[in-house]
Amino acid sequence: MDNKVVAHLRDGRLIKGTTANFSPTREVFHVTLLDGETVEVFLDQVKAVFFVKRLEGDRSYREKKSFEGARGVGRKVRCEFSDGEVLTGFVAAYYPTRAGVFITPGDPKSNNERIFVVKAATKSISFV
């Protein structure tokens with residue numbers, strides 16, 4: 001099954017398309033772009049991989065960062081990236097020795113289904 005993804009690279013570029021072979025334990029995965037071209041994405045260049053409902057998204061929507069009314073499984077977490085962006089959500093499992101962590105957004109209206117955050121691209125990941 002192909003997942004719709006938006007890979008945010010550390011240099012600010014976005015790669016939008018679908019992937020069938022993302023794994024947090026592999027160094028590279030492939031994204032098939034909207035034009036049909038397939039590109040390699042190296043995990044060490046990634047800030048986060050957003051698994052999304054729709055590739056178009058909604059630029060006008062501002063995702064809620066508070067946990068008021070949020071529903072999720074696991075522990076509440078706040079992630080601050082090195083570039084200042086902040087994500088909040090839930091983690092089912094967190095292992096400090098792994099390269100990253102999956103976060104499920106607390107905002108039910110979010111376009112993101114889950115996000116794989118690369119720890120090397122963060123300032124902090126903390127439980128709230």
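The values are calculated or read from the model by the stated rules, or taken from the named source; none is laboratory data. Source: prediction; values computed, not measured. Using ideal geometry, Cβ is built from the backbone for each residue, glycine included, and neighbour counts are taken over all protein chains shown.
Condition first: more than 14 Å from V49 (Cβ to Cβ), among the aromatic types (F, W, Y) and either in contact with a helix residue (DSSP H, G or I) (Cβ under 9 Å, 6 or more places away or on another chain) or without any contact (Cβ under 8 Å) to a residue 12 or more places away in the chain (or both). Now tell me which residues in the stretch 70-99 satisfy that.
Residue satisfying the conditions is Y95 alone.
Assuming E80 fulfils every condition listed in (1) in the same structural domain as V118 (by TED's automatic domain parsing); (2) at positive phi apart from one, which condition is it?
Here E80 meets the rest and fails (2).
Please work out if A99 is surrounded by 14 or more Cβ atoms within 10 Å (Cβ to Cβ), among the hydrophobic types (A, V, I, L, M, F, W, C) and either at pLDDT 95 or above or farther than 22 Å from S124 by Cα (or both).
Numbers: surrounded by 14 or more Cβ atoms within 10 Å (Cβ to Cβ): yes; among the hydrophobic types (A, V, I, L, M, F, W, C): yes; either at pLDDT 95 or above or farther than 22 Å from S124 by Cα (or both): no.
It is false that A99 is surrounded by 14 or more Cβ atoms within 10 Å (Cβ to Cβ), among the hydrophobic types (A, V, I, L, M, F, W, C) and either at pLDDT 95 or above or farther than 22 Å from S124 by Cα (or both).
Could you check, for the stretch 55-77, whether at least one of its residues is under 15 Å from the mean Cα position of the chain (by Cα) and crowded, with 16+ Cβ neighbours inside 10 Å?
Yes, the stretch 55-77 contains a residue that is under 15 Å from the mean Cα position of the chain (by Cα) and crowded, with 16+ Cβ neighbours inside 10 Å.
Would you mind finding the one in F42, F116, F51, F102 that is of a type in the set (F, W, Y), closer than 22 Å to D2 by Cα and free of Cβ contacts under 8 Å to residues at least 60 places away in the same chain?
Numbers: F116 fails: free of Cβ contacts under 8 Å to residues at least 60 places away in the same chain; F51 fails: free of Cβ contacts under 8 Å to residues at least 60 places away in the same chain; F102 fails: free of Cβ contacts under 8 Å to residues at least 60 places away in the same chain.
Just one listed residue meets the conditions, F42.
So if I check each of T32, T19, which one is farther than 29 Å from V128 by Cα, among the hydroxyl-bearing types (S, T, Y) and either in contact with a Cys (Cβ under 6 Å, 6 or more places away or on another chain) or buried (at least 16 other Cβ atoms within 10 Å of the Cβ) (or both)? Show your work before the answer.
Working: T32 fails: either in contact with a Cys (Cβ under 6 Å, 6 or more places away or on another chain) or buried (at least 16 other Cβ atoms within 10 Å of the Cβ) (or both).
Of the residues listed, the single one that is farther than 29 Å from V128 by Cα, among the hydroxyl-bearing types (S, T, Y) and either in contact with a Cys (Cβ under 6 Å, 6 or more places away or on another chain) or buried (at least 16 other Cβ atoms within 10 Å of the Cβ) (or both) is T19.
For every residue, the table says whether it meets (1) over 19 Å from V118 (Cβ atoms); (2) of a type in the set (V, I, T); (3) part of a loop (DSSP other than H, G, I, E, B); (4) touching an Asp or Glu at 6+ places or on another chain (Cβ under 8 Å).
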position	(1), (2), (3), (4)
D35	yes, no, yes, no
V41	no, yes, no, no
K64	yes, no, yes, yes
A70	yes, no, yes, yes
R78	no, no, no, no
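Collect the residues in the stretch 1-21 that are in contact with a Lys or Arg (Cβ under 6 Å, 6 or more places away or on another chain) and farther than 15 Å from V39 by Cα, keeping them in residue-number order.
Of everything in the stretch 1-21, just one residue is in contact with a Lys or Arg (Cβ under 6 Å, 6 or more places away or on another chain) and farther than 15 Å from V39 by Cα, namely R10.
Six or more apart or on different chains, Cβ under 6 Å: which pairs go from a residue in the stretch 1-16 that's modelled with pLDDT of 95 or more to one that's assigned to a strand (DSSP E or B) and of a type in the set (K, R)? Could you list them?
V6/K16; H8/K47; R10/K47
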